[in-house]
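Novice: Input: one structure, supplied below.
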Amino acid sequence: MSHRSLIFIPLLFSSAIGDLRSDLEPFLESHCYDCHDDIDAEGDLNLLDLKFDPSSPQDLKIWEEVFHRVELGEMPPKKKDRPEAGEMKRFLGSLEKPLTDAARRDLDEQGRVHGRRLTREEYENSLHDLLGIDVPLKDHLTADQEEGFENTSSHQQMSHFHLDSYLRAADVALGEAFKRAVNGDATYKKVYAPKILTTRRRGDGNYRGPEFRNGKAISWTMTLQFVGRMYPTRVPADGWYRVTIADVDAVNPKADGTVWGVLQSSSGSSAEPLLYPVGLIEATKNPTTRTYEAWIRKGHCLILKPDIGGAKNARISRGGNLVYNGQDLEKKGFQGIRFGEITVERIYPHATRWELRDKLFPGLNYKELKAPGFDHEAAFKRLISNFAWRAFRGQSNEERIKPYLALAKRTFAEKKDFVQALRSAYHAILCSPYFLTFVEKPGDLSGQALASRLSYLLWKSLPDDQLLKLAAGKKLHDPKVLSAQIE
């Protein structure tokens with residue numbers, strides 16, 4: 001085909017669109033423009049200036065809606081003059097083929113399922129599994145659209161705000177992973193006796209903590225905010241903690257033998273009023289030990305408060321303080337939750353330090369890095385290839401990892417720091433469209449694409465190594481193998 005012929009194709013296409021508009025114009029003029037022109041655009045629909053552009057999904061979606069509303073007789077509205085049957089048939093006939101052709105082209109070019117990016121939940125889960133970390137990441141990401149399904153391309157956007165948030169979240173995730181892998185896990189464990197839990201802070205004229213009575217702590221039903229706060233339990237750093245409460249039992253339980261309550265974490269200050277859930281507490285007549293695991297922010301303390309629903313609330317003083325002295329709230333029939341010592345311990349639920357290190361430096365003895373003759377380039381290639389294979393969900397090859405390998409080598413030449421150079425390459429991989437989006441070719445799904453669809457359907461996360469190996473071996477298209485993975 002000659003160059004002149006190639007130039008002639010868009011001219012023909014433009015002419016065809018112009019002819020289509022001419023075919024539609026009589027119907028639009030008679031039945032649509034009164035309400036949907038550039039002056040009176042009811043429902044923000046201006047058909048007078050709306051182009052028929054097959055390359056614009058937004059325009060096509062509007063024309064499809066126009067077609068269906070006219071076909072169903074919803075437009076023009078019943079209070080307006082109705083179009084004659086022949087008039088409607090000509091309008092729908094003129095519009096149907098171009099819409100069908102556009103849909104067919106889109107199917108050939110994009111496939112039935114359009115590409116999309118990871119949702120916030122999928123992104124967080126993917127990085128947790130990829131790196132072995134457990135730090136929350138969703139708060140660092142731009143919020144997903146709340147209406148409709150969040151995991152369809154039509155309900156997603158990709159702006160520079162999203163890209164910036166992905167950069168920041170990747171930095172936070174890698175910072176946590178490399179810190180733990182290189183420096184080890186921070187440890188923390190404190191056991192708080194009831195007497196300590198009920199100790200007032202110096203100058204605390206607004207005490208709202210539990211009461212200390214007969215060697216136990218008791219939190220009573222009251223309507224005040226932050227009732228049951230225990231300042232001594234403040235944690236030194238953001239992290240996951242295991243909270244164990246000993247000898248939990250009910251004071252004046254309801255007819256069903258229980259007093260329900262909530263365990264929360266908070267700064268305990270009205271300046272930062274947000275309360276974060278740790279768990280529900282079911283206190284019964286029989287003392288039991290309750291254990292919870294939750295992410296607690298630095299400086300936050302525990303708050304244990306019984307449910308006040310339908311319960312008799314204890315009296316408070318005029319200044320808002322709790323009134324315990326001189327009273328026996330148990331004898332007066334107030335409900336509460338009694339408990340013994342509380343243990344707060346830092347945990348890492350997703351992976352141990354050694355499991356995490358194996359995800360970042362698989363097969364590498366960390367001490368080898370500074371050994372004479374260590375082959376940095378070979379190590380970079382092996383580690384980056386492995387990381388990209390997992391991050392890109394099995395869709396990686398030598399050509400695809402070249403820029404990341406070059407980045408690691410360049411950073412190492414400048415900084416003389418193997419770990420920093422490797423981290424720079426990992427960061428770039430986590431900002432790649434091969435990680436952030438689902439890349440599928442139209443037509444039959446490859447094994448890797450099938451593995452991704454399956455894993456994000458079931459776990460909202462990356463395919464595991466077993467699934468990726470089955471995909472690489474072209475075994476996932478076997479119904480028996482696929483069923484076994486689902487079960």
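The values are calculated or read from the model by the stated rules, or taken from the named source; none is laboratory data. All of these numbers come straight from a predicted model, not from anything done at the bench. We place every Cβ from the backbone using ideal geometry, glycine too, and count neighbours over all the protein chains shown.
Novice: Please name all residue pairs, on different chains or six or more residues apart, with Cβ atoms under 8 Å, provided the first residue is in segment 458-472 and is outside the structural domain of LYS138 (by TED's automatic domain parsing) and the second residue is β-branched (Val, Ile, Thr) and part of a loop (DSSP other than H, G, I, E, B).
Specialist: LYS460/THR119
Novice: Does PHE412 satisfy being outside any loop (DSSP other than H, G, I, E, B) and more than 24 Å from the chain's Cα centre (by Cα)?
Specialist: Judged against the criteria, PHE412 is a match.
Novice: Where the second residue is assigned to a strand (DSSP E or B) and surrounded by 13 or more Cβ atoms within 10 Å (Cβ to Cβ) and the first is modelled with pLDDT under 70 and lies in segment 298-320, which pairs have Cβ atoms under 6 Å and are six or more apart or on separate chains?
Specialist: Qualifying pairs under 6 Å: ALA314/TRP220.
Novice: Tell me yes or no: at least one residue of segment 85-93 is in the same structural domain as SER22 (by TED's automatic domain parsing), over 17 Å from SER22 (Cα atoms) and either touching a Phe, Trp or Tyr at 6+ places or on another chain (Cβ under 6 Å) or touching a residue at least 12 places away in the same chain (Cβ under 8 Å) (or both).
Specialist: Within segment 85-93, none of the residues are in the same structural domain as SER22 (by TED's automatic domain parsing), over 17 Å from SER22 (Cα atoms) and either touching a Phe, Trp or Tyr at 6+ places or on another chain (Cβ under 6 Å) or touching a residue at least 12 places away in the same chain (Cβ under 8 Å) (or both).
Residues are listed down the side, and each one gets a yes or a no for (1) part of a loop (DSSP other than H, G, I, E, B); (2) within 26 Å of THR352 (Cβ to Cβ):
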| residue | (1), (2) |
| --- | --- |
| ASP247 | no, no |
| ASP256 | yes, no |
| GLY279 | no, yes |
| ASN286 | yes, no |
| THR291 | no, yes |
| ILE308 | yes, no |
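Novice: Could you count how many residues in segment 379-399 are within 27 Å of the chain's Cα centre (by Cα) and of a type in the set (D, E, K, R)?
Specialist: Summing the residues that are within 27 Å of the chain's Cα centre (by Cα) and of a type in the set (D, E, K, R) in segment 379-399 gives 2.
Residue-by-condition table, conditions (1) loosely packed, with under 11 Cβ neighbours inside 10 Å; (2) not in a helix (DSSP H, G or I):
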| position | (1), (2) |
| --- | --- |
| ASP34 | no, yes |
| ASP49 | yes, yes |
| PHE52 | no, yes |
| LEU60 | no, no |
| PRO76 | no, yes |
| PHE91 | no, no |
| LYS97 | yes, no |
| ALA102 | no, no |
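Novice: Oh, and also: Can you work out which of the residues in segment 324-377 that are among the aliphatic types (A, V, I, L, M) and assigned to a helix (DSSP H, G or I) is nearest to ILE296 (Cα to Cα)?
Specialist: LEU356
Novice: Applying the selection to segment 214-247, what residues are surrounded by 20 or more Cβ atoms within 10 Å (Cβ to Cβ) and either polar (S, T, N, Q) or not assigned by TED's automatic domain parsing to the domain that holds ASN286 (or both)?
Specialist: Result: SER219, THR221, THR233.
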